[in-house]
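Visitor: Before I ask anything, let me first share the structure, which is written out below as structure tokens.
Throughout, read-outs are computed from the coordinates displayed, never taken from laboratory work. As the structure is a computational prediction, the values presented were derived from the model and not from experiment. Virtual Cβ from ideal backbone geometry, glycine too; neighbours counted across all protein chains shown.
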Amino acid sequence: MLIATWNLNSVRARLERLLAWLEEWRPDIVCLQEVKTPEANFPFAEIEKSGYHAAVFGQKGYHGVAILSRSEPQEISRGMADGVDDGQARLIAASIDGVRVMCAYAPNGGTPDSDKYLHKIAWFDRLLRHLRATENLAGPFLLCGDLNIAPEQRDVAHPERWQGTVLYNEHMSEIFGRLLACGLHDLGRNHLPAGTFSWWDYRLLSFPRNDGLRIDHLLASPALTGRCLEVFVDREQRKGKSPSDHAPVLARFS
DNA sequence: ATGGTTGCTTAGCAA
């Protein structure tokens, strides 16, 4: 079983690339972030033609998440259902082939002194409550997505330059640690060598310089962690004509 | 210190 997470940065701007990539890897489940479209404009037909179901939580212009799967998704839930509505589509979950899969796009956080950063912190507080309240972390569970946190020094190409940013600082590492304290395992930490990244800024020739961060994650419950055979980043998808600024992260399970 | 690049939507924001 192959499961992937990919911040596409617009599903419509990168549909041809996505379809070719689905054909290349035929993953069983794909968590997409930043689809940047409401459900009404989501390319369901093209994706279904490729043999995939799509569960979508969309929004006009910004954010938006989706789960693609070869088997039909069950028990789809959108958002956190905690009475808070920040108007941002960042979370969708579904049960597929006996695995509970949650696809998340965490707030970026803007700058450390901004309201956006406070919103990021509050969002993770809500996510942790939501996880504990609604999901069975004792079963096969996977939290995938762009969490906008590089948890450790090994996840940052130039820690001295990134230290203190919204993507890499002690508070963010502590929040990431609280996710792990729920009993989840960071599959990338277990299977990827230090210095493996998933995102490179569009600016400053970041990718050619490999000035990247590992901010896209697959966090698995113990039931799944033991079945993880390998994790890899498909860097080819950061190359070529109009790539996303993120590369897909894939995990293979027995 | 600043700048640099995308996508969505059409000037400016978010990343």
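Visitor: Being among the charged types (D, E, K, R) and in contact with a strand residue (DSSP E or B) (Cβ under 8 Å, 6 or more places away or on another chain) is the filter; apply it to the stretch A:58-89 and report the residue that is farthest from A:Pro43 (Cα to Cα).
Guide: A:Glu75
Visitor: Which of the strands (runs of 3 or more DSSP E) contained wholly in the stretch A:186-254 include at least 1 residues that are of a type in the set (Val, Ile, Thr) and under 15 Å from the mean Cα position of the chain (by Cα)?
Guide: By residue number, A:228-233, A:249-253.
Visitor: Checking the condition away from DNA strand B (no atom under 16 Å from the Cβ), surrounded by fewer than 23 Cβ atoms within 10 Å (Cβ to Cβ) and more than 27 Å from A:Leu187 (Cα to Cα), which residue from A:Ala13, A:Ala45 passes?
Guide: A:Ala45
Visitor: Could you tell me which residue of the stretch A:65-121 is farthest from the chain's Cα centre (by Cα), considering only residues that are within 16 Å of DNA strand B (Cβ to nearest atom) and of a type in the set (S, T, N, Q)?
Guide: The extreme case among them is A:Ser114.
Visitor: While we're looking at this one, here's another question. Quick check on this structure: which one of A:Leu179, A:Leu213, A:Leu205 is among the hydrophobic types (A, V, I, L, M, F, W, C), over 21 Å from A:Leu2 (Cβ atoms) and free of Cβ contacts under 8 Å to residues at least 12 places away in the same chain? Before the answer, list the steps.
Guide: On the way: A:Leu179 fails: free of Cβ contacts under 8 Å to residues at least 12 places away in the same chain; A:Leu213 fails: free of Cβ contacts under 8 Å to residues at least 12 places away in the same chain.
Exactly one of A:Leu179, A:Leu213, A:Leu205 is among the hydrophobic types (A, V, I, L, M, F, W, C), over 21 Å from A:Leu2 (Cβ atoms) and free of Cβ contacts under 8 Å to residues at least 12 places away in the same chain, namely A:Leu205.
Visitor: Let me ask you something else. Does A:Ala157 satisfy being in contact with a Phe, Trp or Tyr (Cβ under 8 Å, 6 or more places away or on another chain) and surrounded by fewer than 18 Cβ atoms within 10 Å (Cβ to Cβ)?
Guide: Answer is yes for this residue.
Visitor: Would you check if A:Val84 is touching a Lys or Arg at 6+ places or on another chain (Cβ under 8 Å) and either without any contact (Cβ under 8 Å) to a residue 40 or more places away in the chain or under 25 Å from A:Asp201 (Cα atoms) (or both)?
Guide: Against the criterion (touching a Lys or Arg at 6+ places or on another chain (Cβ under 8 Å) and either without any contact (Cβ under 8 Å) to a residue 40 or more places away in the chain or under 25 Å from A:Asp201 (Cα atoms) (or both)), A:Val84 does not qualify.
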